[in-house]
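Reviewing the structure listed below.
The values are calculated or read from the model by the stated rules, or taken from the named source; none is laboratory data. On a predicted model such as this, the values are computed, not experimentally measured, just so you know. Cβ placement follows ideal geometry from the backbone for every residue including glycine, while neighbour counts extend to all protein chains displayed. Remember, those area values only see protein heavy atoms, side chains included, never the ligands or the DNA or RNA. Shrake-Rupley method; radii C 1.70, N 1.55, O 1.52, S 1.80 Å.
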Amino acid sequence: MPTDEPLLTVAGLAKSYPGRRDVVDVLRHRRPPRLVALDGVSLELGAREAVGIVGESGSGKSTLAKCLVRLVEPDGGTIRFGSRDVRAARGTELAGLRRRMQLIYQDPYSSLNPLMSVEQAVSEPAVVHGLLAGRSANERVAELLDLVGLPAEIASRRPHQLSGGQRQRVAIARAMATSPRLLLADEAVSALDVSVQAQVLELFERLRAEQGVAMLFIAHQLAVVAQVCDRIVVMYLGRIVESGPTREVFRNPAHPYTEALLRSQPGRHRRSRDTEPALRGEPPSPMDIPSGCRFRTRCPMAREICAQVDPAPSVVGTGHTSWCHFT
Ligand SMILES: Nc1ncnc2c1ncn2[C@@H]1O[C@H](COP(=O)(O)OP(=O)(O)O)[C@@H](O)[C@H]1O
Ligand SMILES: [Mg+2]
């Protein structure tokens, strides 16, 4: 694979789920409304690059990660991993792609079987994919535990005998067992205490520097993303509303939604003249997405055009784009 080819290329990705019908829908025999989770998402990720995805709950971040590894089937768009067409992959080709893209969840219990020891959990992917190359499973487990900064003694323990931080490290060791080129970390540090979170973030940074693994790092806390990622992608109701280099997006947010997200982060001092809450109310229902700009119902800058015209992308700077009429 040539080095300048992107590792991952996503174009126009779309996914909707069947929404719930209310009583009126049922009585009138209406079909269930569609809930739009992804509406034309495009992004690129280079080898060894770390890109952060941020946005409130419900913006489609997890759906995006699941579509990339085909745990959820997209309705439209393309996904390429190197030169491979992910959506067309079947059987062994799909298994091979999943070995190269590993998903890490917020809750390690969802990837760790409570009945399996750490050793079994960490060695299983290598055994299943036949990746031990003549070495013993013990040897590989010791290497992987060392890689994620865990002592070899914990190999015999079960998930419930570990701390939250240790459990997440075990999940990361298991993900690294197949030597992936891309880690999809879906809120992987969100449930951890702040001090433990900092240590696990350091681990992700080290894995990227030493193993050259690229990352799609999903989090609702912007500070977390900023520490690990070169670029940030901001999502709102299934769309990308701003993307750019991390420092640029932080210092010079171009979209009112990004600005509001930055102001609503815990630990950020709000200016005393900010009498309005940073983000008003809840996002609208994804079954009833506003016309024009989907952020307009919560946007302090909204004008008539925002209800009528879907904003085209505006280039703010090098690699920095915003989808707002007033950028
Ligand atoms: N399996 C599913 N069935 C129906 N709706 C879903 C399903 N998964 C997610 N959704 C909905 O899709 C939208 C996006 O969800 P999700 O991708 O989990 O967003 P995020 O990770 O940003 O919180 C939400 O409105 C959510 O309720
Ligand atoms: Mg999520």
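From the set of residues in the range 49-72 that are surrounded by fewer than 22 Cβ atoms within 10 Å (Cβ to Cβ), within 11 Å of ligand 1 (Cβ to nearest atom) and charged (D, E, K, R), which is modelled with the highest pLDDT?
Result: Lys66.
Can you tell me which condition Glu44 does not meet? The list is (1) more than 16 Å from ligand 1 (Cβ to nearest atom); (2) assigned to a loop (DSSP other than H, G, I, E, B), and all the others hold.
(2)
Conditions tested, residue by residue: (1) over 20 Å from Pro6 (Cα atoms); (2) free of Cβ contacts under 8 Å to residues at least 60 places away in the same chain; (3) not in a loop (DSSP other than H, G, I, E, B).
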site: Ala173; (1), (2), (3): yes, yes, yes
site: Leu184; (1), (2), (3): no, no, yes
site: Ala191; (1), (2), (3): yes, no, no
site: Ser195; (1), (2), (3): yes, yes, yes
site: Leu203; (1), (2), (3): yes, yes, yes
site: Ala209; (1), (2), (3): no, yes, yes
site: Phe217; (1), (2), (3): no, no, yes
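Report, by residue number, each residue of the range 87-120 that is within 16 Å of ligand 2 (Cβ to nearest atom), part of a helix (DSSP H, G or I) and crowded, with 20+ Cβ neighbours inside 10 Å.
Hit for the range 87-120 is Pro108, nothing else.
Tell me, yes or no, whether the range 79-95 has at least one residue that is under 24 Å from Asp230 (Cα atoms) and aliphatic (A, V, I, L, M). Reasoning before the result, please.
Quick first cut of the range 79-95, residues under 24 Å from Asp230 (Cα atoms) only: 79-83.
Within this subset, residues satisfying the condition of being aliphatic (A, V, I, L, M) are 79.
Checking the range 79-95: at least one residue is under 24 Å from Asp230 (Cα atoms) and aliphatic (A, V, I, L, M).
Residue-by-condition table, conditions (1) free of Cβ contacts under 8 Å to residues at least 60 places away in the same chain; (2) of a type outside the set (Val, Ile, Thr); (3) farther than 22 Å from Glu187 by Cβ:
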| site | (1), (2), (3) |
| --- | --- |
| Gly55 | no, yes, no |
| Ala65 | no, yes, no |
| Ile79 | no, no, no |
| Arg84 | yes, yes, yes |
| Ala89 | yes, yes, yes |
| Met101 | no, yes, no |
| Asp107 | no, yes, no |
| Asn113 | yes, yes, no |
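Is it fair to say Val23 is away from ligand 1 (no atom under 11 Å from the Cβ) and more than 30 Å from Gly319 (Cα to Cα)? Let's see the steps before the verdict.
Working: away from ligand 1 (no atom under 11 Å from the Cβ): yes; more than 30 Å from Gly319 (Cα to Cα): yes.
So Val23 fits the description; yes.
Against the conditions (1) out of contact with any strand residue (DSSP E or B) (no Cβ under 6 Å at 6 or more places or on another chain); (2) closer than 30 Å to Gly130 by Cα; (3) among the hydrophobic types (A, V, I, L, M, F, W, C), where does Ala175 fall short? Just the number, please.
So Ala175 meets the others, but not (1).
Residues that are in contact with a helix residue (DSSP H, G or I) (Cβ under 7 Å, 6 or more places away or on another chain), buried (at least 17 other Cβ atoms within 10 Å of the Cβ), in contact (Cβ under 8 Å) with a residue 60 or more places away in the chain and within 30 Å of Leu7 (Cα to Cα): does the range 309-317 have at least one? Spell out how you get there, then give the answer.
The first filter runs over the range 309-317 and keeps only residues in contact with a helix residue (DSSP H, G or I) (Cβ under 7 Å, 6 or more places away or on another chain), leaving 317.
Narrowing the set further to residues that are buried (at least 17 other Cβ atoms within 10 Å of the Cβ) leaves none.
No, the conditions are met nowhere in the range 309-317.
Could you list all residues from the range 226-283 that are among the hydroxyl-bearing types (Ser, Thr, Tyr) and either over 15 Å from the mean Cα position of the chain (by Cα) or modelled with pLDDT under 95 (or both)? Let's see the steps before the verdict.
Initially, the range 226-283 is screened for residues among the hydroxyl-bearing types (Ser, Thr, Tyr), giving 236, 243, 246, 257-258, 264, 272, 275.
Within the range 226-283, Thr246, Tyr257, Thr258, Ser264, Ser272, Thr275 qualify.
Scan the range 225-238 and give yes if some residue there is within 13 Å of ligand 1 (Cβ to nearest atom), touching a Lys or Arg at 6+ places or on another chain (Cβ under 7 Å) and outside any loop (DSSP other than H, G, I, E, B), otherwise no.
First pass over the range 225-238, keeping only residues within 13 Å of ligand 1 (Cβ to nearest atom): 233-238.
Filter again for touching a Lys or Arg at 6+ places or on another chain (Cβ under 7 Å), leaving 235-237.
Keeping just the survivors that are outside any loop (DSSP other than H, G, I, E, B) gives 235-236.
Checked the range 225-238: at least one residue is within 13 Å of ligand 1 (Cβ to nearest atom), touching a Lys or Arg at 6+ places or on another chain (Cβ under 7 Å) and outside any loop (DSSP other than H, G, I, E, B).
Looking at the range 146-163, can you tell me whether even one residue there is within 16 Å of ligand 1 (Cβ to nearest atom), part of a loop (DSSP other than H, G, I, E, B) and open to solvent by 40 Å² or more (accessible area, probe 1.4 Å)?
No, because not a single residue in the range 146-163 is within 16 Å of ligand 1 (Cβ to nearest atom), part of a loop (DSSP other than H, G, I, E, B) and open to solvent by 40 Å² or more (accessible area, probe 1.4 Å).
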